[in-house]
Amino acid sequence: MKKACKIYDEKTIGKFVDNELSSEKSKTISEHIETCPICDSITAKYNHLSNIFVQSTSKQLDKIDTDLLGQNVLEQIKREENNFFKKVFDYFSPKLYLKIASIVAIMIISLTYFQERLIRPLDIIGPSAIVNSVDGNVSSVMIFETKKSKHTIIWFSEA
Amino acid sequence: MASNIDNIEENDLVSRLKQGQEWAFNILVNKYQNMLLKIAYGITLDREESLEIVQDVFVSVHKNIKNFRQDAGLSGWLRKITINTCLNWKRKWERRFRWSHQSIEPKDENKLLRAKKDGNNPETLYREKQIELLVMENIGKLPEKIRVVFVLNTLEGLSYDEIAQHMNIKRGTVSSRLHHARKILLESIKD
Amino acid sequence: MGRFLNTIFILFVVCWICSFTNKAIAGNAVKTDVRIIHASQGQNHIDPKLSDLAEELSTVFKYTSYRLIKEKNMGLNENQKGVVKLPDERSLVVIPTRINGENIKYQINIFKSGNQVFSTQILLKNKRSITIGGPKFKNGYLLFNISGKTL
Ligand SMILES: [Zn+2]
């Protein structure tokens, strides 16, 4: 059985190791430790424990390849931003979607004709192209545009 | 004075991040990835997972940077998000019954045997490796509330007050949890 | 649905006639440039000739490499066929079906081994471009960037 120190409990030694005591008390304890083998051993064990954890962790961290971390993060962000479109379009089956797309496109065209007569400048920030219809042996089609210059993109997956 | 300069840089970085500048985001990632990985690894004890977690943290930072209050301190904020992500991550695994099956680096056990064969002072080396393994294994078994405190104290070197603030607990609780952690861990390597 | 589409079609024709009466025909030839691009997640590489487009595309795609495989510049009259041969026995056919100062209406078809696999009708803003992508090619995808400019 290990004996416990009669003056300081382990919790206090813990605070001492963590530098959480007043400088006065800290000084008293460090003097005590020089003469008390029990507290000395506890201090050593606590420090040893910390060292093991710090070193073992740093060894593992060295094995982590962080080269692609930043790139992966940016890709994930972009993917999540695109997912919005994907979710919307995946919701429709391809055929139904194509019909809806054509109708929407035609509506947009009708609108642009009105626009041309009313407010011309709106054209500048409009999409680069309007998709009237899409057809083919495809399993899915997405139509989207880039944020900045509204460059229109059609993406299809071959069936 | 140095911290002042750091602050200015941090403020500048944050405002660039808020403007959505991509390269500012790269700087952020480079600057903080190691710190966050350390926390994530300390809590999960899994390399792959901690990498995924940190990646997730940066993604949510990107989403939420607009809501970040400049006065809160960037590293503290990042640390908080990381801790939360880790804890939620663990819950995610627990639901899939994966966490409980996870053992600490089984590959290291082979190394351990090798170390025994060709180490300089085989007995000591073996014993040290074994202690390390035991400690890490038992850190993994610590209740998460206690583990997080131990990680922030030991790996991050945060003061009791800082830990208390991060975890929304009292200073006394920090001290008790640390004591508890140390007691359990020392118990586990007692011969 | 068929009847509904018919109605829409009639509506479209009406719109078309409206636009026709409203506008003078600006030109009847169009400079059509087609760029065939290979996009992949391979080593970071952006063809200098694609820098403008790649920057735009990289905001929506996760690809890290954009290589220009082929570029073809064509002067096409209304309803004249422009054909671009693609890898893997594919070909791209572009026909400007209507040209005015503002927009160019294109019929775009993609064929594989002689069979049509994709077709679309678009209304492209003059001096701008559209990107169509999808066919798998060499660990990545083929993208077709088509730009049109009235002469
Ligand atoms: Zn003592």
Next item on the list: Quick one: which residues, 5+ away or cross-chain, put their amide H under 5 Å from the amide H of B:GLN21? H built at 1.01 Å from N.
Entry: none
Next item on the list: Apply the Karplus parameterisation 6.51 cos²θ - 1.76 cosθ + 1.60, with θ equal to phi minus 60°, to every residue of the range B:40-51 and state each ³J(HN,Hα) to the nearest whole Hz, in sequence, with x for glycine and proline.
Entry: 4, 5, x, 7, 8, 6, 9, 5, 4, 4, 5, 5
Next item on the list: Tabulate in residue order the Karplus-calculated ³J(HN,Hα) for the range C:50-56, using 6.51 cos²θ - 1.76 cosθ + 1.60 with θ = phi - 60°, rounded to whole Hz; enter x for Gly and Pro.
Entry: 10, 3, 5, 5, 4, 4, 5
Margin query: Along the Cα→Cβ direction, 7 angstrom out, place labels at A:ASP135 and A:SER41. What is the inter-label distance in nm?
Written below: 8.9
Item checked: Accessible surface, per residue, of the range A:10-63 when the full set of protein chains is kept, probe 1.4 Å, Å² -> 55
Next item on the list: Go through the range A:8-19 residue by residue and turn each phi into a ³J(HN,Hα) via Karplus (6.51, -1.76, 1.60, θ = phi - 60°); whole Hz please, and just put x for glycine and proline.
Entry: 10, 8, 5, 4, 5, 4, x, 5, 5, 4, 7, 6
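The values are calculated or read from the model by the stated rules, or taken from the named source; none is laboratory data. None of the values given here were measured: they were computed from a predicted structure. As a convention, Cβ positions derive from the backbone with ideal geometry for all residues, glycine included, and neighbour counts pool all protein chains shown. Please note that ligands, DNA and RNA were not included when accessible areas were found on the heavy atoms of the full protein model with its side chains. Shrake-Rupley method; radii C 1.70, N 1.55, O 1.52, S 1.80 Å.
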